[in-house]
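Remarks on the structure that follows.
The values are calculated or read from the model by the stated rules, or taken from the named source; none is laboratory data. This structure is a prediction, so every number in the text was calculated from the model and none was measured. Quick reminder, even Gly has a Cβ in these numbers, built from the backbone with ideal geometry, and neighbours come from all protein chains shown.
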Amino acid sequence: MYRIVEARNVGLNIKQFVIEAPRIARKQRPGQFLILRLHEKGERIPLTIKSSDPEAGTVTIVVQAIGKTTSLLNCLETGDSVLDIVGPLGHPSEIQNFGTAVILAGSVGTAMALPTANALKQAGNHVVFIEGARNTEMVVFEDEVRQASNETYIMTDDGSYGEQGLVTRKLNEMIAAGRKIDFVLAVGPVPMMRAVSLVTGPLGIKTMVSLNSIMVDGTGMCGGCRVLLGKQSKFACVDGPEFDASLVNFEVLMQRNSMYRDKECQSLKYFSEHKDEELAQLRAELANKEDDVAPLQAELAPEEAPHA
Amino acid sequence: MPEKTTLPRSAMNILPLKERMKILRTHMPELDPSIRSHNFEEVNQGLPPEDALTEATRCIACAKPGCVVQCPVGVKIKDVVELICAGDYLAAAAKMREDNALPAITGRVCPQENQCEGGCVLGKKGAPLAIGNLERFIADFERNSGQLGLPSNAPSTGKSVAIVGSGPAGLSAAGDLIQKGHRVRVFEALHELGGVLVYGIPEFRLPKTIVKGEVDNLRRMGVEFETNVVVGKSVTIDELMQYEHFDAVFVATGAGLPVFLGIPGEHFNGVYSANEFLTRVNLMRAYQVTEYDEPVYDCRDRDVIVVGGGNTAMDAVRTARRLGARTATLVYRRSEAEMPARLEEVHHAQQEGIEFRMLTNPIEFIGDQKGWLTGVRCVRMELDEPGPDGRRRPVEVKGSAFVLPANVVIIGVGTTANPLIQSSTPDLKTTPRNYIVADSQTNRTSKRGVFAGGDIVTGGATVILAMGAGRKAAASIHQFLTTGEW
């Protein structure tokens with residue numbers, strides 16, 4: 001069991017959680033993710049780790065309520081718990097001094113891109129962070145984004161905040177202005193990542209995308225998360241989650257991500273009609289497991305951390 | 001050395017040899033195929049006590065029992081059967097546990113026909129003693145009695161062992177090492193304990209409560225378990241030894257990586273690895289659609305094809321059947337005689353209406369414009385001379401391509417090594433195919449204090465072979481911990 005030490009809303013349907021997970025906190029690097037299961041009957045969902053505090057033994061994740069599991073998760077508050085968390089999974093982002101690094105992130109993707117942006121800045125890059133959101137209510141972590149970058153742009157679809165337009169609009173402007181771009185990272189919805197790839201691919205700009213394919217175990221065991229890179233099949237969980245955008249077949253990714261859409265819609269509909277019941281059930285189940293957590297936490301607290 | 005069992009004379013098998021040999025092998029009661037192919041209840045119902053007793057009396061107590069020799073973990077089967085004849089089922093179970101920490105599991109999933117029962121003298125003239133059924137009987141009897149014959153542990157040695165993976169190899173090593181007085185902690189990557197026993201083998205063949213029961217027994221014996229730890233990611237082997245002070249590590253991670261066919265169309269929606277399909281259904285309970293959240297393709301009134309001829313393929317196709325598939329077809333490139341699956345599973349599958357398409361090999365998956373699978377293009381095969389493994393090699397019949405309609409294809413042609421541990425432990429020697437190199441006698445790897453066994457060393461095999469490796473490794477680890485010699 002993993003206790004939520006802090007839960008707070010950071011945007012419309014977007015919530016940040018700080019959760020006790022000492023093993024993950026010690027090992028996490030920018031770009032890695034974890035897999036979470038809320039309760040005994042819950043599904044396993046991958047979530048990118050925003051940051052971690054090895055000394056406090058906590059990890060920070062940011063969740064946008066989209067399906068049933070994320071909606072239920074976002075009902076949880078400080079002091080609640082989740083049943084299972086495993087990680088850190090996947091390869092960390094490749095960090096080096098590329099020169100000028102442009103990061104494009106869509107809404108909740110901002111949280112995922114932040115640690116990599118920070119690391120790239122520390123590595124000496126001139127970091128340009130372009131955050132995109134549907135509207136002002138979905139602009140998140142603006143202060144942190146400004147801190148993690150040397151140049152910051154906020155784009156909203158409706159122009160209700162920052163500049164109006166998609167993130168690729170700003171990217172195109174930079175290119176048109178003759179700015180030299182050495183590295184691009186795009187994190188967000190698949191159409192957005194594909195659009196970025198279409199801009200940077202022809203120009204030969206090294207571009208990485210963080211792929212969100214459907215996963216079960218996250219350790220390479222099931223192969224459900226396989227993505228097509230050129231003619232090669234790769235597993236997003238162990239070979240990724242970041243891949244060279246120029247090789248990614250985004251159509252196949254979108255098609256595979258639609259695999260369970262019907263079931264997802266049904267689940268969400270059921271959940272929205274039974275929200276209070278489901279939340280009460282989850283809390284009751286986890287209250288019975290209170291005792292599970294204590295010994296392990298005590299054992300992992302000691303002087304030896306952090307490993308690294 | 002096996003200890004001598006002394007029984008009161010009256011309890012011995014008193015029927016004369018000739019009479020014993022006249023008794024026919026008792027039959028394991030099974031759920032009716034027409035009912036069971038629509039649910040996930042256990043197919044084999046277990047022997048009633050009177051049948052178990054009758055079966056046990058068939059044993060002619062050979063001077064040199066072939067069953068013991070053929071058992072990968074060397075269970076003292078003859079002694080166990082003698083105790084069953086005496087009616088002391090609890091003592092029989094306790095005797096069993098001396099060599100096999102998971103009797104309720106092996107009694108259900110071992111390929112006995114190739115092992116203990118394959119070595120039974122009775123099999124030369126008639127049917128061999130139903131050792132697997134007896135094993136299951138005493139394990140279930142013990143569990144239901146609530147009186148576990150758990151062996152006691154030696155005094156603490158002050159040494160500790162980390163076991164990576166809670167599958168059959170890890171669990172059986174844990175059972176042996178805890179008895180030797182070492183501290184034992186098992187790390188599991190998934191949220192549930194049991195490895196392939198819970199994510200791979202379906203409920204109808206091995207109910208999850210059975211696995212949980214055996215894990216709980218180990219817990220009672222003092223074994224510690226930690227789930228949600230991916231060794232190689234959450235913590236490395238070096239960190240376990242250096243910072244968490246484990247004196248030895250046993251790597252028993254299995255061969256968990258799915259093998260795909262590498263043919264066109266493998267990305268269509270509806271194409272699964274057997275690992276994924278079975279994990280969704282078994283570990284995540286996707287068959288309980290309304291209760292559990294993890295989805296699986298709705299197989300109802302759909303055509304499902306499973307590729308492969310082993311136990312995993314058999315499990316997948318029988319699972320698809322139970323999920324309501326209109327047709328559930330097994331496609332295998334050799335003939336039925338070469339199928340590596342257990343005989344019992346093949347029979348059960350046939351009873352459940354699984355269609356077998358032998359000498360057939362997929363060459364391409366076909367899908368619609370939206371990326372959903374609609375069919376599999378296959379070719380017919382014929383068998384050539386035996387290859388290096390002694391099995392006749394399948395070769396394609398030219399111009400024989402045809403299309404089988406399918407909404408779901410499940411690929412169950414084998415698994416390979418997961419590289420997570422190897423890549424995070426540079427001084428661990430591996431084979432070109434990424435299996436861990438370990439001595440076949442001692443299970444020692446190239447790294448001091450680190451042992452490996454089971455599928456991660458041998459490649460995909462059986463539950464009992466992995467358990468055998470676990471036991472051997474445990475003996476070797478014990479020796480290392482007590483002598484300090486490498």
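Confirm whether B:Gly470 is small (Gly, Ala, Ser) and on the phi > 0 side of the Ramachandran plot. Even if it seems obvious, please write down each step before you answer.
On the way: small (Gly, Ala, Ser): yes; on the phi > 0 side of the Ramachandran plot: no.
Considered against the rule, which asks whether it is small (Gly, Ala, Ser) and on the phi > 0 side of the Ramachandran plot, B:Gly470 comes out as no.
Here A:Val62 clears all of (1) within 14 Å of chain B (Cβ to nearest Cβ); (2) within 16 Å of A:Arg3 (Cα to Cα); (3) surrounded by 24 or more Cβ atoms within 10 Å (Cβ to Cβ) except the condition numbered (1).
Considered as a group, the residues in segment A:54-66 that are of a type in the set (A, V, I, L, M, F, W, C) and outside any strand (DSSP E or B) include one that is farthest from A:Glu242 (Cα to Cα), and that residue is A:Ala56.
Does segment B:398-417 hold any residues that are within 14 Å of chain A (Cβ to nearest Cβ) and either in contact with a Ser or Thr (Cβ under 6 Å, 6 or more places away or on another chain) or at positive phi (or both), and which are they?
Within segment B:398-417, B:Ile411, B:Gly412, B:Gly414 qualify.
Is at least one residue of segment B:156-174 surrounded by fewer than 23 Cβ atoms within 10 Å (Cβ to Cβ), under 24 Å from the mean Cα position of the chain (by Cα), in contact (Cβ under 8 Å) with a residue 60 or more places away in the chain and part of a loop (DSSP other than H, G, I, E, B)? No - not one qualifying residue is present in segment B:156-174. When segment B:354-400 is filtered for residues that are in contact (Cβ under 8 Å) with a residue 24 or more places away in the chain and among the polar types (S, T, N, Q), the ones remaining, listed by number, are B:Thr360, B:Asn361, B:Thr374. Taken as a whole, the structure places B:Ala466 among residues that are of a type in the set (A, V, I, L, M) and surrounded by 24 or more Cβ atoms within 10 Å (Cβ to Cβ).
So that you can scan it fast, the table gives a plain yes or no per residue for (1) under 29 Å from A:Met259 (Cα atoms); (2) assigned to a strand (DSSP E or B); (3) of a type in the set (A, V, I, L, M); (4) touching a Leu at 6+ places or on another chain (Cβ under 7 Å):
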site	(1), (2), (3), (4)
B:Met314	yes, no, yes, no
B:Ala325	yes, no, yes, no
B:Ala341	no, no, yes, no
B:Glu344	no, no, no, no
B:Glu364	yes, yes, no, no
B:Val379	yes, yes, yes, no
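Out of B:Val281, B:Val289, B:Val317, B:Val296, one residue alone is surrounded by fewer than 21 Cβ atoms within 10 Å (Cβ to Cβ) and closer than 30 Å to A:Leu36 by Cα. It is B:Val289. Just one of (1) farther than 22 Å from A:Val10 by Cα; (2) in the same structural domain as A:Lys206 (by TED's automatic domain parsing); (3) surrounded by fewer than 18 Cβ atoms within 10 Å (Cβ to Cβ) fails for A:Arg134. It is (1). The set of residues from segment A:145-154 being crowded, with 18+ Cβ neighbours inside 10 Å and within 19 Å of the chain's Cα centre (by Cα) comprises A:Val145, A:Ala148, A:Ser149, A:Ile154.
With outside the structural domain of A:Met208 (by TED's automatic domain parsing), in contact (Cβ under 8 Å) with a residue 60 or more places away in the chain, more than 24 Å from A:Ala280 (Cβ to Cβ) and of a type in the set (Ser, Thr, Tyr) as the only criterion, which of A:Thr78, A:Thr48, A:Thr60 stands out? Full working, then the answer.
Details: A:Thr78 fails: more than 24 Å from A:Ala280 (Cβ to Cβ); A:Thr60 fails: in contact (Cβ under 8 Å) with a residue 60 or more places away in the chain.
Going through A:Thr78, A:Thr48, A:Thr60 in turn, just one is outside the structural domain of A:Met208 (by TED's automatic domain parsing), in contact (Cβ under 8 Å) with a residue 60 or more places away in the chain, more than 24 Å from A:Ala280 (Cβ to Cβ) and of a type in the set (Ser, Thr, Tyr): A:Thr48.
Which fully enclosed helices (runs of 4 or more DSSP H) of segment B:192-250 have 1 or more residues being over 16 Å from the mean Cα position of the chain (by Cα), more than 10 Å from chain A (Cβ to nearest Cβ) and closer than 13 Å to B:Val164 by Cβ?
Of the helices (runs of 4 or more DSSP H) lying wholly inside segment B:192-250, those with at least 1 residues that are over 16 Å from the mean Cα position of the chain (by Cα), more than 10 Å from chain A (Cβ to nearest Cβ) and closer than 13 Å to B:Val164 by Cβ span B:237-242.
Of the conditions (1) over 30 Å from B:Val271 (Cα atoms); (2) among the acidic types (Asp, Glu); (3) assigned by TED's automatic domain parsing to the domain that holds B:Met358, B:Asp427 satisfies every one except a single condition; which number is it? That leaves (3) as the condition not met.
In segment B:212-243, what residues are at pLDDT 95 or above, closer than 15 Å to B:His191 by Cα and not hydroxyl-bearing (Ser, Thr, Tyr)? Hits for segment B:212-243 are B:Glu224, B:Phe225, B:Glu226, B:Asn228, B:Val229, B:Val230, B:Val231.
Among residues of segment B:259-272 that are in contact (Cβ under 8 Å) with a residue 40 or more places away in the chain and more than 8 Å from chain A (Cβ to nearest Cβ), those with a beta-carbon under 8 Å from a residue that is surrounded by fewer than 18 Cβ atoms within 10 Å (Cβ to Cβ) and assigned to a loop (DSSP other than H, G, I, E, B) at least six positions away or on a different chain give the pairs B:Val259/B:Gly414. Mind listing just one residue for me: the one in segment A:82-118 that is more than 12 Å from the chain's Cα centre (by Cα) and of a type in the set (Val, Ile, Thr) and, of those, nearest to the other protein chains (Cβ to nearest Cβ)? Filtering segment A:82-118 for residues that are more than 12 Å from the chain's Cα centre (by Cα) and of a type in the set (Val, Ile, Thr), the one nearest to the other protein chains (Cβ to nearest Cβ) comes out as A:Val86.
Candidates are the residues of segment B:384-418 that are outside any strand (DSSP E or B), under 26 Å from the mean Cα position of the chain (by Cα) and among the charged types (D, E, K, R); the one that is farthest from B:Leu359 (Cα to Cα) is B:Asp389. Criterion applied to A:Val216, A:Val196, A:Val209 was being under 21 Å from the mean Cα position of the chain (by Cα), touching a residue at least 24 places away in the same chain (Cβ under 8 Å) and closer than 26 Å to B:Leu373 by Cα, and the one residue passing it is A:Val216. Take the conditions (1) touching an Asp or Glu at 6+ places or on another chain (Cβ under 6 Å); (2) within 30 Å of B:Arg471 (Cβ to Cβ); B:Pro264 misses just one of them, which is (2).
Evaluate the following for A:Pro30: is it touching a Leu at 6+ places or on another chain (Cβ under 6 Å) and farther than 30 Å from B:Val296 by Cβ?
Working: touching a Leu at 6+ places or on another chain (Cβ under 6 Å): no; farther than 30 Å from B:Val296 by Cβ: yes.
No: the conditions fail for A:Pro30.
The residues in segment B:330-340 that are surrounded by fewer than 21 Cβ atoms within 10 Å (Cβ to Cβ) and touching a residue at least 12 places away in the same chain (Cβ under 8 Å) can be counted, and the count is 5. Of all the residues in segment B:175-222, those that are free of Cβ contacts under 8 Å to residues at least 24 places away in the same chain and of a type in the set (Val, Ile, Thr) number 1.
Here is a yes/no grid of residues against (1) buried (at least 18 other Cβ atoms within 10 Å of the Cβ); (2) within 26 Å of B:Val289 (Cβ to Cβ); (3) in the same structural domain as B:Phe204 (by TED's automatic domain parsing):
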residue	(1), (2), (3)
B:Gly324	no, yes, no
B:Glu355	no, yes, no
B:Pro362	yes, no, no
B:Lys370	no, yes, no
B:Cys378	yes, no, no
B:Leu383	no, no, no
B:Pro394	yes, no, no
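Quick check on my filter: what residues within segment A:35-44 are touching a residue at least 60 places away in the same chain (Cβ under 8 Å) and either away from chain B (no Cβ under 14 Å) or among the aliphatic types (A, V, I, L, M) (or both)? Result: A:Ile35, A:Leu38.
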